[in-house]
1. Which of the following residues is under 15 Å from the mean Cα position of the chain (by Cα), within 23 Å of V117 (Cβ to Cβ) and surrounded by 10 or more Cβ atoms within 10 Å (Cβ to Cβ): V48, V11, V55, V25?
2. Take the residues in the range 138-148 that are among the aliphatic types (A, V, I, L, M) and within 15 Å of V84 (Cβ to Cβ); name whichever of them is surrounded by the most Cβ atoms within 10 Å (Cβ to Cβ).
3. Note down all Cβ pairs under 9 Å where the first residue falls in the range 77-104 and is closer than 14 Å to F147 by Cβ and free of Cβ contacts under 8 Å to residues at least 12 places away in the same chain, the second is surrounded by 14 or more Cβ atoms within 10 Å (Cβ to Cβ) and acidic (D, E), and they're at least six residues apart or on different chains.
4. On the basis of being of a type outside the set (S, T, N, Q) and at pLDDT below 95, does G146 make the cut?
5. Counting just the residues of the range 149-183 that are surrounded by 11 or more Cβ atoms within 10 Å (Cβ to Cβ), over 28 Å from D99 (Cβ atoms) and not polar (S, T, N, Q), which one comes out modelled with the highest pLDDT?
6. With respect to L39, is the statement that it is at pLDDT 95 or above, within 22 Å of L119 (Cα to Cα) and under 17 Å from the mean Cα position of the chain (by Cα) true?
7. Give all pairs with beta carbons closer than 6 Å in which a residue from the range 26-53 that is over 19 Å from Q73 (Cβ atoms) and touching a residue at least 60 places away in the same chain (Cβ under 8 Å) meets a residue that is part of a loop (DSSP other than H, G, I, E, B) and of a type in the set (S, T, N, Q); count only pairs at least 6 apart in sequence or on separate chains.
8. If L161 passes every condition in (1) in contact with a helix residue (DSSP H, G or I) (Cβ under 7 Å, 6 or more places away or on another chain); (2) within 24 Å of I43 (Cβ to Cβ) but one, which one does it miss?
Amino acid sequence: MTQTNDLFALVRLTVVEPVAGGKAVLALNPPMPLRWMLLAAAILVSVVLIYLLPVMAGQADQLPSPLAFAAGQGALNLLVVCLVAFVGRAFGGTGSFDDALWLMAWLQSVTVALLAVQLAVLLVIPVLNLPITLASIVISLWMLVGFICALHEFQSKVLVLVGGVMVFTMTAFLLSILLLFLGIDLSGATDV
């Protein structure tokens, strides 16, 4: 029971005060395989949760392959880990790839819990879906900024947020150009 209470206390700390929570998560210092396993488990559980309602509603044929979606989520998460680790270091941060991986795995795990709450609310009180979704996005961004500050020992959350938005925008732009160059169309649009 104490370990469960400690886990909930750590989750609460990472949501309420993500810099302190990020430092507490880093202090756990698990072995590298556990970091990868937590990230993979969080991605797989989130894919199952995302597919749960459409499959129950008989709309599974409108969804992409779960394996392809999970692989895409894995690739995006790995990209975020690399950006957090290496861009942060380029701006004078002190964090490592291993610790960035651990923090992003923890962030994804908390996000999965938020997704489960969102799905439960959607089933019980569907009108609250949009506010819960927006709150989940804000909480995830809040935690990400705090974790980056904890990882790289940055002091300004505002500068991290602004820098993160700029890096995200540039990365999305470069990825879209790369995908267009490779002839990959993710828009789903047919001949226009």
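The values are calculated or read from the model by the stated rules, or taken from the named source; none is laboratory data. Here the structure is a predicted model, which is why all the values come from computation and not from measurement. Please note: Cβ atoms are built from the backbone with ideal geometry, for glycine as well, and neighbour counts cover all protein chains shown.
1. Every option except V11 fails the conditions.
2. My answer is I148.
3. Here the result reads none, with nothing in the range 77-104 linked to a residue that is surrounded by 14 or more Cβ atoms within 10 Å (Cβ to Cβ) and acidic (D, E).
4. no
5. L180
6. yes
7. That search, which allows pairs on different chains as well, returns nothing.
8. With respect to (1) in contact with a helix residue (DSSP H, G or I) (Cβ under 7 Å, 6 or more places away or on another chain); (2) within 24 Å of I43 (Cβ to Cβ), L161 is out only on (2).
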